[in-house]
Amino acid sequence: MKSEYAVPLWHDEHERFLRLLDFLDTEMMCFHEGGHPNYDLMRDVIYYLQHYADRYHHPREDMAFELMLKRDAALAPHIKRLMHEHRVIKTVGNKLYKYLEDIIEDTFIPRETVEAAAATYLVYYRSHIKTEEMEILPQAIHLLQEEDWTQVAAAVPAAPDPLFGNDISARYRDLRIQIAREKALTH
């Protein structure tokens, strides 16, 4: 895989993740105001980001980051922070997912606890994507060679996207409809 293909794919995934974070943010505002957000879809957003982004997208990024560090050690502070953020995002995502499951099962969770986890998740994830888009992807285009991109692709076997791909998983059908509806409203 070459950078002219890999980087746009990476960017497109970021755009899809941001749409999901926007949806989660909107639902959290409803939650904060005492409304009735769609907890099932919120949980599906976190599940998707854990089971697709954390299993396929982030490991490929981590491999690219390691290869970039070999070519430009000056990137170390940014890359080490981004790799750490992958772990934080995963940990906070697990916590938020558990809180949403508890809410769905009618277990009392203090509103502040859920809001704090969601805010941390949203802020970290958005900041993380912004840093990658502004500071890392432009560098990746210049630093990584074709053999590097082959290593990145081989780090984690490709898997079909169960939410945004052609064959939508049954779990994500309602979420896909909701995301498409919101996209249509903004265009």
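The values are calculated or read from the model by the stated rules, or taken from the named source; none is laboratory data. A quick note: this is a predicted structure, and the numbers were derived from the prediction, not measured. Cβ sites come from the backbone with ideal geometry, for glycine too, and all protein chains shown count toward neighbours.
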Exercise for review: Could you tell me which numbered condition G93 fails, if it satisfies all but one of (1) surrounded by fewer than 19 Cβ atoms within 10 Å (Cβ to Cβ); (2) of a type in the set (G, A, S); (3) in contact (Cβ under 8 Å) with a residue 12 or more places away in the chain?
Suggested key: (1)
Point to revise | Extreme residue, farthest from D12 (Cα to Cα), among residues of region 25-83 that are among the β-branched types (V, I, T) and modelled with pLDDT of 95 or more | key: T26
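Scanning region 124-178 for residues that are assigned to a loop (DSSP other than H, G, I, E, B) and of a type in the set (A, V, I, L, M), which turns out farthest from G93 (Cα to Cα)? Give the steps one after another, and end with the answer.
Let us first name the residues in region 124-178 that are assigned to a loop (DSSP other than H, G, I, E, B), namely 144-145, 156-169.
Checking which are of a type in the set (A, V, I, L, M) leaves us with 144, 156, 158-159, 163, 168.
Working: L144: 30, V156: 21, A158: 23, A159: 21, L163: 18, I168: 22 Å.
Going through the qualifying residues, I end up with L144.
Among the listed residues D174, D148, identify the single one that is of a type outside the set (K, R), farther than 16 Å from H57 by Cβ and surrounded by fewer than 14 Cβ atoms within 10 Å (Cβ to Cβ). Please lay out each step first, then the result.
On the way: D148 fails: surrounded by fewer than 14 Cβ atoms within 10 Å (Cβ to Cβ).
On inspection, the qualifying residue turns out to be D174.
The rows are residues; the columns are (1) more than 17 Å from the chain's Cα centre (by Cα); (2) in contact (Cβ under 8 Å) with a residue 60 or more places away in the chain.
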| site | (1), (2) |
| --- | --- |
| M134 | no, no |
| A140 | yes, yes |
| D148 | yes, yes |
| V152 | yes, yes |
| P160 | no, no |
| D167 | yes, no |
| D174 | yes, yes |
| I177 | yes, no |
| E182 | yes, yes |
Point to revise | region 27-52 - residue that is over 14 Å from Y172 (Cα atoms) and in contact (Cβ under 8 Å) with a residue 24 or more places away in the chain and, of those, nearest to the chain's Cα centre (by Cα) | key: M28
Check your understanding: Within the bounds of region 19-39, is there any residue that is basic (K, R) and under 20 Å from E101 (Cβ atoms)?
Key -> no
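Scan R55, R60 and give me the residue that is of a type in the set (K, R), part of a helix (DSSP H, G or I) and touching a Phe, Trp or Tyr at 6+ places or on another chain (Cβ under 9 Å). Reasoning before the result, please.
Working: R55 fails: touching a Phe, Trp or Tyr at 6+ places or on another chain (Cβ under 9 Å).
So the residue among R55, R60 that is of a type in the set (K, R), part of a helix (DSSP H, G or I) and touching a Phe, Trp or Tyr at 6+ places or on another chain (Cβ under 9 Å) is R60.
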Study note, to complete from the structure: Exactly one of P157, P110 is modelled with pLDDT under 95, exposed (fewer than 12 other Cβ atoms within 10 Å of the Cβ) and either under 21 Å from A73 (Cα atoms) or not aliphatic (A, V, I, L, M) (or both), and that residue is P157
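Can you find even one residue in region 99-106 that is assigned to a loop (DSSP other than H, G, I, E, B), without any contact (Cβ under 8 Å) to a residue 60 or more places away in the chain and on the phi > 0 side of the Ramachandran plot? Talk me through it step by step, then tell me what you get.
Of region 99-106, the ones assigned to a loop (DSSP other than H, G, I, E, B) are 105-106.
Filter once more, so that each one left must be without any contact (Cβ under 8 Å) to a residue 60 or more places away in the chain: 105-106.
With the extra rule that they be on the phi > 0 side of the Ramachandran plot, the set shrinks to 106.
Scanning region 99-106 turns up at least one residue that is assigned to a loop (DSSP other than H, G, I, E, B), without any contact (Cβ under 8 Å) to a residue 60 or more places away in the chain and on the phi > 0 side of the Ramachandran plot.
Scanning region 24-45 for residues that are among the acidic types (D, E) and either assigned to a helix (DSSP H, G or I) or touching a strand residue (DSSP E or B) at 6+ places or on another chain (Cβ under 8 Å) (or both), which turns out nearest to F108 (Cα to Cα)?
Looking at residues that are among the acidic types (D, E) and either assigned to a helix (DSSP H, G or I) or touching a strand residue (DSSP E or B) at 6+ places or on another chain (Cβ under 8 Å) (or both), I get D40.
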Review point. Say we look at region 68-122 and pick out the residues that are farther than 19 Å from D25 by Cα and of a type in the set (K, R); which of these is nearest to the chain's Cα centre (by Cα)?
Key: R87
**Study point:** Residue that is nearest to K130 (Cα to Cα) [pool: residues in region 53-85 that are among the acidic types (D, E) and in contact (Cβ under 8 Å) with a residue 40 or more places away in the chain]
**Key:** E85
